[in-house]
Amino acid sequence: MSTESNTNAGNRQTSDNKKDVFSTWKQNVDQYMDFVEKAIPNYHESVTSLQQEYIQATENVIDSAISVQKEFATKAGINTNVPDATLKAVQTSNEQVIKAYDVQKKMAIASIDAARQNVKSFNDNAKAFSELNGNVLQSWVSAFTPKY
C-alpha cells in the first residue's frame, strides 16, 4: 500500500470514530492488504526456487540414467549406433515437442494477460459502480430529507 494509505490508517486509529464499524472494517482490510502485498514476493521467490530445483533434479536424473545406460552398453558390447532415419525421426519429434510446448507457453501467458485485464476492468467498473451507487444514495437521501 502507499505511504498515504498507511498514514491514513494511522490517523483512523487515533480518531474519535475508531469504534465506528466502517472505520474498523477499513482499518482491518488495510492491514490485511498490506500483509498480502508484502507476502507476495516471498511466494514468488519460493515458487521460482522450487521450479529451479525441479528442473535441476530432472536434468540430473536424466543425465545419470543416460550415463549408466551408456556405461552398461559399452561394457556389454551393445551396438548403440542409430540409423539415420531413426535419428532424423527422433530429432523431428523433439522439435515438434518443443514447438508444442512453446505454443502452450504462449497460450498460458495470453490467458494470464487476459485474466489480468479482466481484473483491471472489474476494478475500474467497481469504482464506477461505487460512484453510481453514491449518486443514487445521495438522491434518495435528498428526496427524503425535510427541506425547511
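Counting charges near residue 95 (Lys, Arg +1; Asp, Glu -1) among other residues having Cβ under 12 Å from its Cβ returns a value of +1.
Which order do 102, 34 fall in if you start with the one that has the fewest other Cβ atoms within 10 Å? Please list the in-between numbers first.
Numbers: 102 10, 34 14.
By the 10 Å Cβ count, ascending: 102, 34.
Each residue of the range 93-108 was assigned a 3J(HN,Hα) from its phi angle through the Karplus curve 6.51 cos²θ - 1.76 cosθ + 1.60 (θ = phi - 60°); the sequence is 4, 4, 4, 5, 5, 5, 5, 5, 5, 5, 5, 4, 4, 5, 5, 5 Hz, with glycine and proline shown as x. Per the Kirkwood formula applied to alpha carbons, the chain shows a radius of gyration over Rh ratio, Rg over Rh, of 1.32. Using a simple spin-label model with pseudo-atoms 7 Å out from Cα toward Cβ, residue 49 and residue 107 lie 3.3 nm apart. Computed from the Cβ-Cβ distance with R0 of 41 Å, the FRET efficiency linking residue 115 to residue 142 stands at 0.50.
Every number in this text was worked out from the coordinates using simple rules, so none of it is lab data. Note that the coordinates shown come from a computational prediction; the quantities given were computed from them, not determined experimentally. Every residue, glycine as well, gets a Cβ built from its backbone with ideal geometry; the counts of neighbours run over all protein chains shown.
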